[in-house]
1. Extension gain ASP43-TYR137, at 0.36 nm per residue separation less the Cα-Cα distance, in nm?
2. From the Cα gyration tensor of region 99-167, with a ≥ b ≥ c the square roots of its eigenvalues, which class applies: rounded if a/c is under 1.5, or else prolate if a/b is larger than b/c, or else oblate?
3. Label-point separation (nm) for ALA30 and ALA163, each offset 7 Å from Cα along Cα-to-Cβ?
4. Give or take rounding to whole Å, what are the principal axis extents of the alpha carbon atoms in the chain, in descending order?
5. Sequence-distant or interchain residues sharing an amide H contact under 5 Å with ASP116, placed H: which?
6. Skipping prolines and chain starts, which residues have an amide H placed within reach, meaning under 5 Å, of the one on LYS20, given they are 5 or more residues away or on another chain?
7. Can you put ILE136, ILE80 in order of accessible area, largest first, using a 1.4 Å probe?
8. When the solvent-accessible surface of protein heavy atoms is calculated with a 1.4 angstrom probe, in what order do ASP25, ASP19, ASP43 fall, highest first?
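The values are calculated or read from the model by the stated rules, or taken from the named source; none is laboratory data. Just so it is clear, the structure is predicted and the values come from calculations on it, not from any experiment. Reconstructed Cβ throughout: ideal geometry from the backbone, glycine too, with neighbour counts over all protein chains shown. What goes into the accessible areas is simple: the full protein's heavy atoms, side chains included, and nothing from ligands, DNA or RNA. Shrake-Rupley method; radii C 1.70, N 1.55, O 1.52, S 1.80 Å.
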Amino acid sequence: MRVPTAGAVLLALAACRGDKTYARDAVPSALAPAVAAAEAALDAMQKQLAGRLGEALAAGGPLAAVSVCSEQAQSLTAAIATEHGVALGRTSHKLRNPANAPRPWLQPFVDRALTDPIAGPMVVDLGESVGVVRPIYVAGPCLQCHGDSAHVGADVAAALHRAYPDDRAVGFADGALRGFAWAEAPR
Ligand code: HEC
């Protein structure tokens, strides 16, 4: 039996909404400028969030870093979005912050995160705009706030629960798909 690839399934799902989905290296040239704008914003967001997190972990450990993440991730992302003239964010199949819920075009990627995940960046033609979505994976330091109870300290777990009563973003293993970074740039 032929097993459909992630790309094929996403294409079929996206077709229901009328959007066209492409692997990053198969993007039509008409979309290239918007893809470049989306990727510049994604690079900036991922670099700055990682930098801020690394500084906070080094300075105060995971408990102090929780408040840095919860107080700065949203505003930092919003500032980069404005600067680049795009919509920008992170989402997941197991959300921590409900404000990171997926936009409709991201829903197929989220729905398939556990069964048929994308293995690399994908591009979605949204008509007036172009969406770029990248998978995000768990690495060692992430486990302090997204791992199981062997990795998340009791004090950190309590702080996370206070800030995010509906937190679903724990129990991840090293290397697991944590979620997605996405950007949407005008055509
Ligand atoms: C110090 C604790 C901490 C560490 C370490 C940490 N995170 Fe998070 N993470 C958070 C908090 C708090 C949020 C909610 C931020 C917000 O309000 O958007 C979050 C949100 C996210 C989100 C957004 C989706 C959602 O569920 O709301 C992703 C994706 C994510 N983290 C990935 C990672 C990855 C990958 C790493 C490792 C490189 C990591 N995190 C390390 C605390 C942490």
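1. Working: separation 94, 0.36 × 94 = 33.84 nm, distance 1.53 nm.
Taking ASP43 through TYR137 to full extension adds about 32.3 nm, to one decimal.
2. On the way: a/c = 3.00, a/b = 2.01, b/c = 1.49.
Since a/c reaches 1.5 and a/b is larger than b/c, the shape of region 99-167 is classed as prolate.
3. Result: 4.3 nm between the two label points.
4. 48, 45, 24
5. Amide H neighbours of ASP116, under 5 Å, 5+ apart: none.
6. ASP125
7. Numbers: ILE136 40, ILE80 5 Å².
Highest to lowest solvent-accessible surface, that is ILE136, ILE80.
8. Numbers: ASP25 145, ASP19 20, ASP43 85 Å².
From most accessible down to least: ASP25, ASP43, ASP19.
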